[in-house]
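The values are calculated or read from the model by the stated rules, or taken from the named source; none is laboratory data. As the structure is a computational prediction, the values presented were derived from the model and not from experiment. Because the Cβ atoms are built from the backbone with ideal geometry, glycine has one as well, and the counts that use them run over all protein chains shown. For accessibility, only protein heavy atoms count, side chains too; no ligands or nucleic acids. Shrake-Rupley method; radii C 1.70, N 1.55, O 1.52, S 1.80 Å.
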Amino acid sequence: MRRNTSITLLSAGHACVDLYQGAVASLVPFFVAERAYSYAAVSGIVLAASLLSSVAQPLFGILTDRRSMPWLLPASTLLGGLGIALSGVSGSYGLTLVFVAVSGVGVAAYHPESARVARLASGGSHRGMGWFSLGGNLGFAVAPLLVTAVVTAGGLRLTPLLVLPALVGAVLCLPVLRALERQRETAGDSAGTAVAAAQDDKASFVKLSLAVVCRSIVFIGLSTFISLLGKERMGGSTAAGTAALFVLYLGGAVGSVLGGALAERWGRVTVARWSYLLTVGCVAGVVFVPGPAFYVCVALTSAGLYVPFSLQVTLGQDYLPSRVGTASGITLGLTVSIGGLVSPLIGGLADATSLRSALAPLVLMPVLSWFLFRTLPEPEPTVPQPVGTAR
């Protein structure tokens with residue numbers, strides 16, 4: 001199978017999985033409207049999706065460092081979809097938390113192995129990883145549109161229809177996994193020697209992880225409340241809130257592809273550092289700029305936060321070349337999901353003051369990411385192991 005075809009299929013499958021991450025935030029306005037949940041209550045739903053995911057992704061990463069588990073891609077896709085599909089069936093708050101947590105586990109299981117498979121399929125190309133990340137961003141972007149279309153048609157009881165993208169995503173990854181298995185059988189066991197010879201840079205990996213945590217706090221904080229902020233900013237229109245969430249996710253699609261292209265020329269660390277610095281003013285615009293210009297600031301913020309996204313994944317793999325799955329699990333999972341742990345604090349502060357006041361501290365997070373990237377070296381790219389190689 002041609003490399004471009006493999007990346008296209010993996011990107012489409014990634015879109016199907018990350019649609020369910022975006023679906024959690026997309027369901028927030030409907031939980032508020034249909035069940036009268038408070039800001040703190042809907043923050044708890046986001047937390048439920050993030051908490052198990054934050055713990056589980058590094059564990060799945062450790063497992064995939066010991067033994068390749070390509071079957072995780074279709075299985076975890078189905079699990080992620082099933083949890084969201086069931087989240088609107090029961091009016092019980094407790095069961096809703098359980099179902100979104102199940103979806104979070106599915107998402108957690110998907111990302112470490114998929115990141116390794118995608119880097120192998122792309123041949124280590126920054127552009128290829130950018131296109132793989134693009135799929136996830138498109139999934140996020142489609143989520144508010146799909147959720148709004150389904151739930152508006154018949155309320156939360158129609159959420160079982162949201163399992164359909166999971167079925168599609170599970171099927172799309174199968175040809176890629178078969179092709180990479182054939183490649184592994186042809187290559188034998190020699191492909192792992194380049195990774196084994198490389199040295200881990202744990203100090204740089206820790207700094208990178210802290211930078212990703214800061215990014216996560218901004219992005220998940222905004223994705224949780226941007227629809228409510230947009231509704232508030234534009235005079236109470238639910239459509240305005242949905243549009244704000246769509247713009248937030250769509251801007252990330254542009255940022256992912258742009259980040260890979262820029263890194264080919266100037267390097268991953270340099271591109272990420274400048275992106276975070278420019279994003280500071282954009283986040284301030286989201287919080288404070290009135291009127292339709294709010295949407296421009298949302299788009300610029302999203303692009304700025306996603307330019308470094310795929311670059312951080314490969315940087316983590318190159319800082320820990322002997323533990324590629326663990327590195328992917330942390331940069332895609334633990335550090336990203338920590339932002340969900342902060343969401344209840346933002347929700348509680350918003351209930352006590354105002355949504356704008358609660359979101360204002362997010363402006364500081366890109367500053368911290370920029371500062372941490374100033375201390376990072378540009379590592380030499382490592383060669384990923386073929387799927388199925390024993391560890």
Which of the chymotrypsin sites (Phe, Trp or Tyr not before Pro) found in region 1-81 are loop residues per DSSP with 16 or fewer other Cβ atoms within 10 Å of their Cβ? W71
Note the angle between two axes, namely the Cα long axis of helix 238-266 and the longest principal axis of the Cα atoms of the chain, as a number of degrees from 0 to 90, rounded to the nearest 10. 30
Near F309, within a Cβ-to-Cβ distance under 13 Å, what is the net charge of the other residues, with Lys and Arg +1 and Asp and Glu -1? +1
Inter-site label distance for R157 and R127 at 7 Å from Cα along Cβ, in nm: 5.2
Mind giving me the nanometre distance, one decimal, between the label points for L174 and S38, set 7 Å out from Cα along Cα→Cβ? 4.8
Give me the percent of accessible area attributable to carbon and sulfur for the chain, probe 1.4 angstrom. 69
Would you please classify the overall shape of region 36-106 from the alpha carbon gyration tensor, given that a ≥ b ≥ c denote the square roots of the eigenvalues, rounded means a/c under 1.5, and beyond that prolate means a/b larger than b/c while oblate covers the rest? oblate
Label-to-label distance, nm, for residues given as V55 and E181 (7 Å Cα→Cβ offset): 3.3
Taking N as its residue count, the alpha carbon Rg of the chain over 2.2 N^0.38 Å: 0.92
Run the numbers on region 16-125 and let me know its relative contact order in percent, using alpha-carbon pairs under 8 Å that are six or more apart. 37
Solvent-accessible ranking of T326, T353, largest area first, probe 1.4 Å: T353, T326
Hey, what's the Cα Rg ratio for region 264-325 versus the globular rule of thumb, 2.2 N^0.38 Å? 1.40
Rounded if a/c under 1.5, otherwise prolate or oblate - region 211-253, Cα gyration tensor axes: oblate
Is the shape of region 338-382 best called rounded, prolate or oblate, per the rule: a/c under 1.5 gives rounded, else a/b larger than b/c gives prolate, else oblate, with a ≥ b ≥ c the square roots of the Cα gyration tensor eigenvalues? prolate
Work out the FRET efficiency for E232 and T5 from their Cβ-Cβ distance, taking R0 = 35 Å, and round it to the nearest 0.05. 0.20
0 to 90° range, to nearest 10: angle between helix 39-66 axis and the chain longest Cα axis: 10
